[in-house]
Amino acid sequence: MKCNIKQLSVFLENKAGELCEFTRILSKNGISIKSILLADSTDFGLVRTIVDNPEKAKTILEDEGFSVRFTDVFGVKIEDVVGSFDKSCQHPLRSKNQHSLHV
């Protein structure tokens, strides 16, 4: 099964507690995190996340002072059997345009 998904990209300061503040805000507002990918550097972190209500999450996070933007991503549902993940990665379109991967 294929589906289009809105991914949130959120910049965080690279300091203690910042990720917990991010997840707390989503949790207290009833937003469920479905997938999360973290990248960091010395000064900042980038959270790429898929949530159950991206529009609401974006509004809430911006109101809290976070820098947020949407990216359209393509999702594929795979079976829970050996080799199915490898098979989905071998598709030509995904191998040429894949920038990040949520599992």
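Checking Cys20 against (1) surrounded by 12 or more Cβ atoms within 10 Å (Cβ to Cβ); (2) part of a helix (DSSP H, G or I), which single condition isn't satisfied?
For Cys20, the failing item is (1).
With Leu26, Leu8, Leu37 as the choices, which residue is at pLDDT below 95, in contact with a strand residue (DSSP E or B) (Cβ under 8 Å, 6 or more places away or on another chain) and not acidic (Asp, Glu)?
Numbers: Leu26 fails: at pLDDT below 95; Leu8 fails: at pLDDT below 95.
Unique residue meeting the criteria: Leu37.
When only residues in the range 55-84 that are outside any strand (DSSP E or B) and surrounded by 15 or more Cβ atoms within 10 Å (Cβ to Cβ) count, which is modelled with the lowest pLDDT? Even if it seems obvious, please write down each step before you answer.
In the first step, residues of the range 55-84 are kept if they are outside any strand (DSSP E or B); the result is 55-66, 77-84.
This time we only want the ones that are surrounded by 15 or more Cβ atoms within 10 Å (Cβ to Cβ), so: 57-58, 60-61, 66.
Numbers: Ala57: 97, Lys58: 97, Ile60: 97, Leu61: 97, Phe66: 94.
Among those residues, the one meeting the criterion is Phe66.
What pairs can you find where one residue is in the range 53-64 and more than 16 Å from Ser32 (Cβ to Cβ), the other is among the aliphatic types (A, V, I, L, M) and surrounded by 15 or more Cβ atoms within 10 Å (Cβ to Cβ), and their Cβ atoms are less than 7 Å apart, with a gap of 6+ or different chains?
So the pair list comes out as Glu62/Val68; Glu64/Ile25.
Taking the range 23-54 as the search range and keeping residues that are assigned to a loop (DSSP other than H, G, I, E, B) and of a type outside the set (Gly, Ala, Ser), which one is surrounded by the most Cβ atoms within 10 Å (Cβ to Cβ)? Full working, then the answer.
Here is the first cut: in the range 23-54, the residues assigned to a loop (DSSP other than H, G, I, E, B) are 29-32, 41-43, 52-53.
Add one more test, that the residue is of a type outside the set (Gly, Ala, Ser), and what stays is 29, 31, 42-43, 52-53.
On the way: Asn29: 15, Ile31: 20, Thr42: 5, Asp43: 8, Asp52: 12, Asn53: 15.
The selected residue is Ile31.
Any residue at all in the range 46-55 that's over 17 Å from Thr23 (Cβ atoms), of a type in the set (D, E, K, R) and over 16 Å from the mean Cα position of the chain (by Cα)? Before you say what the answer is, go through the steps one by one.
The first filter runs over the range 46-55 and keeps only residues over 17 Å from Thr23 (Cβ atoms), leaving 55.
Still in the running and of a type in the set (D, E, K, R): 55.
When the remaining residues are screened for being over 16 Å from the mean Cα position of the chain (by Cα), the result is none.
Within the range 46-55 (the criterion being over 17 Å from Thr23 (Cβ atoms), of a type in the set (D, E, K, R) and over 16 Å from the mean Cα position of the chain (by Cα)), the answer is no, since none of the residues qualifies.
The values are calculated or read from the model by the stated rules, or taken from the named source; none is laboratory data. Computed from a prediction, not measured in an experiment: that's the story for all the values here. Reconstructed Cβ throughout: ideal geometry from the backbone, glycine too, with neighbour counts over all protein chains shown.
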